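Here's the structure we're looking at; comments come further down.
The values are calculated or read from the model by the stated rules, or taken from the named source; none is laboratory data. Remember, predicted model here, so these are calculated numbers, not experimental data. All Cβ positions, glycine included, derive from the backbone under ideal geometry; neighbour counts span all protein chains shown. Ligands, DNA and RNA are stripped out before the accessible areas are found, and what is left, the full protein with its side chains, is counted by its heavy atoms. Shrake-Rupley method; radii C 1.70, N 1.55, O 1.52, S 1.80 Å.
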Amino acid sequence: MATSLLRKKSVIFNTLLTRFLTTPQRSKGTLAFEEVRVSTDQPYHRTALIIHGLLGSGRNWKTFSRNLLSTISNPSAWRAVLVDLRNHGRSAEVEGLNPPHDLTNAAKDLANLVESQGWRWPDVVVGHSLGGKVALQYVENCARGDYGESAVLPKQLWVLDSFLGVKKPEDEGEVENVLKTLQSIPPTVSSRKWLVNHLIGLGFSKSLSEWIGTNLKKSGDNMTWAFNLDGAAGMLRSYREKSYWTLLEHPPKGMEIDIVRAEESDSWDQDIIKRLEALSALERGPSEGKVTAHVLPKSGHWVHVDNPKGLLEIMAPKIDAI
């Protein structure tokens, strides 16, 4: 079904690609974001909020968001909002996003953005890695009423290869290794090419090294990080300390939480997989939402780099059915 949908939409995608509009925006005291739309000729009435992972930025998901919109039956009715989390991308320069740099404040930043812009609450929220736990925290707070009576839960929440529980000190994976490596590199480097070659020499894949290189910005004659490395490290600590199993055991009424596990990711062991599969198979009453587990084949943790087509085939049909 998913492959057929993508094939049917290929003509639309080729026609619309040149017409996609991306509008970077930033307001004082709120997250920087970029809006992706097919056209501004017609008003949108659906929003997908896309949340990147650690050391990334919203623009890392621009191509995927374009492809996602191109597969939806009525793409003009949708927009994708690509945020830069605090300490990341253009939000790293925003004043007022004060410590502590944790999941609670990162999630509140999303609610503040929606309210400051006067938007309707998003229909779909998508979060990768760190962004997945920020999204879970956002839903948890929203369901609890922390964002006020006007806040509305998304219809779908997509959590892309996030570690769902508390990480033990010895459970360090690729994400932690990347952060440690970057902390050992001088804050300014001569060029993106130097950084990519340096990371490849340390054993990181070419695709991952090139992706990390996209998070550099010009600084005089050199280049520096487009994120606040110390602040990002604080967010990673919060990511490791927080568990969302209780939320997954009792998902809020009227919404579906879709968990995507990358087949080759080091974030999962058999106990976690079995626990997630059991929650996915659970028959729930009308007072609760739903949890669905998916496996993304041929992909490590960096799902939008390793297998973006496969990820699109999982997500697009379900989002299109809203």
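Taking amide H atoms as placed 1.01 Å from N in the peptide plane, the amide H of LEU85 lies under 5 Å from those of HIS52, GLY58, each 5 or more residues away in sequence or on another chain. Projecting the Cα atoms of PRO99, LEU68, GLY145 onto the charge dipole of the chain (Cβ charges, centred on the Cα centre) puts LEU68 farthest toward the positive pole.
Can you tell me the length gained on complete extension of the stretch HIS250 to ASN74, counting 0.36 nm per residue apart and subtracting the Cα distance?
60.1 nm
Could you give the distance between the Cα centres of region 267-307 and region 179-225, to the whole Å? If we compute the Cα centre of each part, the gap is 32 Å. For region 189-309, DSSP calls about 40 percent of its internal beta bridges antiparallel. Remark on LEU296: its backbone amide H falls under 5 Å from those of ARG261, ALA262, GLU263, a criterion applied only to residues 5 or more positions apart or on other chains, H modelled at 1.01 Å from N.
Computed over all pairs of different Cα atoms, the Kirkwood value for the hydrodynamic radius of region 174-233 is 11.6 Å.
Distance from the alpha carbon centroid of region 130-168 to that of region 226-249 works out to 12 angstrom. Using Cβ point charges alone (K and R +1, D and E -1), the dipole size of the chain about the Cα centre works out to roughly 1000 debye.
Evaluate the relative contact order of the chain (contact order divided by residue number), counting alpha-carbon pairs under 8 angstrom at least 6 apart; express in whole percent.
18
Note that region 30-88, at 37 °C in a medium of 0.692 mPa s, gets a Stokes-Einstein diffusion coefficient of 279 µm²/s from its Kirkwood radius over C-alpha pairs. Where both bridge residues fall in the chain, DSSP classifies roughly 35% of the beta bridges as antiparallel.
Relative intensity of region 229-322 on a log10 scale, I(q)/I(0) at q = 0.21, 0.22, 0.26 Å⁻¹, equals -1.21, -1.24, -1.28, per a Debye sum over C-alpha point scatterers of equal strength in the absence of solvent.
For ALA143, what is the net charge nearby, where nearby means another residue's Cβ is under 13 Å from its Cβ and Lys, Arg count +1, Asp, Glu -1?
-2
Loop sites by DSSP among the GluC sites (Glu not before Pro) of the chain, restricted to those with at most 11 other Cβ atoms within 10 angstrom, leave 171-282 as the longest stretch without any of them. List the trypsin sites (Lys or Arg not before Pro) within region 242-314 that DSSP assigns to loop and that have no more than 11 neighbouring Cβ atoms inside 10 Å. Here the sparse-neighbourhood loop sites are LYS298. Here the peptides 315-321, 38-44, 63-69 are ranked by packing, the mean other Cβ count within 10 Å, and the order with the highest first is 63-69, 315-321, 38-44. Each of ALA226, PRO43, GLY289 was scored by the projection of its Cα onto the charge dipole of the chain, and the greatest displacement toward the positive side belongs to PRO43; charges sit on the C-beta of Lys, Arg, Asp and Glu. For LYS206, the solvent-accessible surface with a 1.4 Å probe is about 130 Å², rounded to the nearest 10.
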